[in-house]
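Read the structure below first, then the notes.
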Amino acid sequence: MKLLDLHCDTITECFNHGRDLLDSKNNVCLRDLRTVDQWTQVFALFIPDEYRGQAAVEYFEKLMNCADMLLEKHSDLLFPITAAEHLSAVPKGKCGFIKAIEGGAALAGRLENLQMVYDRGVRMITLTWNGENELGSGAASQPDKGLSAFGKQAVKEMERLGIIADASHLSQKSFWDLCETSEKPFICTHSNSSRVCPHPRNLTDEQFKEIVRRGGLVGLNLYIDFLSNDKKGGTDEVMRHVYHMLSLGGEHIIALGTDFDGAEIDLSLNSAEKLANLWEAMLKLGLKEQTAEDIFYNNAYRFLQSHL
Ligand SMILES: [Zn+2]
């Protein structure tokens, strides 16, 4: 089983609790490299909504230093990815490591900070978290003001630099503003279907179909609250989202965005090793092996190959 996961909050767990990437208290544990054939993981540097302006930049730097410290400490197990050609060069026994920012507050409203985060290896930015920031409104922002003028400028500059925009956590208006502003395909790293599980963090069918039309990517989130309204998040619940997304033409855009170490995840699915349970469920429920491989790895790989 090959795995390309578009979202985890493991760096925050390491930073907050002084944990290590070999600590099995985390969902993402590099010991699991032994159980997967290939593993590339996007590690988000999450900026909580209470940080704005310079405080957000300083918090970002602390998380980035933590990520760089872990990369150096585990250089025998990690392989940093900042360009398309690195994707296929991840050696067996190493985990590909892609840096992302979750919460564009890290830019403190300054366009020049995009170059700074790019230079430190960031290749994806989740534009907002649930609240409003300098870039725009998030999924829980009231009123929903959409993307700000700065947010639209930032998206254009990200496209110029080669930083992928992530629409997870955006409000409805921000999402559609992003569609108007962006010229390149964008992704939703960790969001499910709101038709299957109504939640403001999930995608409507219209949103999902728009991402299909643009050749983007949607990562399935394993957080139980985004999978079902009755706090269940096993393989059956995940598969309901998969089937619905497939029915909307998502065969080539569905990926994984587990939300490991950032959400409550069913005990049957809460590590890279245990994702084999989802793999088996896919095959048992009649998905073609090719489709399972596409969801676990190929779709995200192809996208990143074209857009990193
Ligand atoms: Zn998130």
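In sequence order, what are the phi-derived ³J(HN,Hα) couplings for the stretch 118-125 according to the Karplus relation 6.51 cos²θ - 1.76 cosθ + 1.60 with θ = phi - 60°, rounded to whole Hz, with x for glycine and proline?
Each residue of the stretch 118-125 in turn: 4, 4, 8, x, 6, 10, 8, 10 Hz.
Jot down the radius of gyration and Dmax of the stretch 93-217, Cα atoms only, both in angstrom.
According to the Cα coordinates of the stretch 93-217, Rg and Dmax are 13.9, 48 Å.
Per residue of the chain, what 222 nm ellipticity follows from adding -39500 (n - 2.57) for every DSSP H run with n ≥ 4, rounded to the nearest 500?
It lands at -11000 deg cm²/dmol.
What is the Cα centroid distance between the stretch 8-24 and the stretch 90-151, reported in whole angstrom?
Here the two parts' Cα centres lie 20 Å apart.
Note the count of lysine pairs whose C-alpha atoms are less than 25 angstrom apart in the stretch 49-193, limited to pairs 8 or more residues apart or on different chains.
Lysine pairs satisfying the spacing and distance rule in the stretch 49-193 number 17.
Amide H of LEU45: which non-local residues (sequence gap of 5 or more, or other chain) have their own amide H closer than 5 Å, using H built in the peptide plane?
Those lying under 5 Å, H to H, from LEU45 are ALA100, ILE101, GLU102.
Within the stretch 133-153, which residues have the backbone N less than 15 Å from the label spot 7 Å out from TRP176 along Cα→beta-carbon, could you tell me?
Inside the label zone: 137, 144-147.
Against the empirical 2.2 N^0.38 Å scaling, what ratio does the C-alpha Rg of the stretch 2-307 come to?
Rounded to two decimals, the normalised Rg is 0.91.
How many angstrom lie between the C-alpha centres of the stretch 185-209 and the stretch 268-282?
So the separation of the two Cα centres works out to 22 Å.
Sequence neighbours fewer than 8 away in the same chain don't count; with that in mind, list the aspartates and glutamates whose C-alpha is under 13 Å from LYS288.
GLU251, GLU280
With +1 on the Cβ of every Lys and Arg and -1 on the Cβ of every Asp and Glu, and nothing else charged, how large is the dipole of the chain about its Cα centre, in debye rounded to the nearest 20?
Result for the chain is approximately 420 debye, rounded to the nearest 20.
Read-outs: derived from the displayed coordinates by stated rules, not from any lab. From a predicted model like this one, the values you see are computed outputs, not experimental measurements. Positions of Cβ are backbone-derived with ideal geometry, glycine not excepted, and every protein chain shown enters the neighbour counts.
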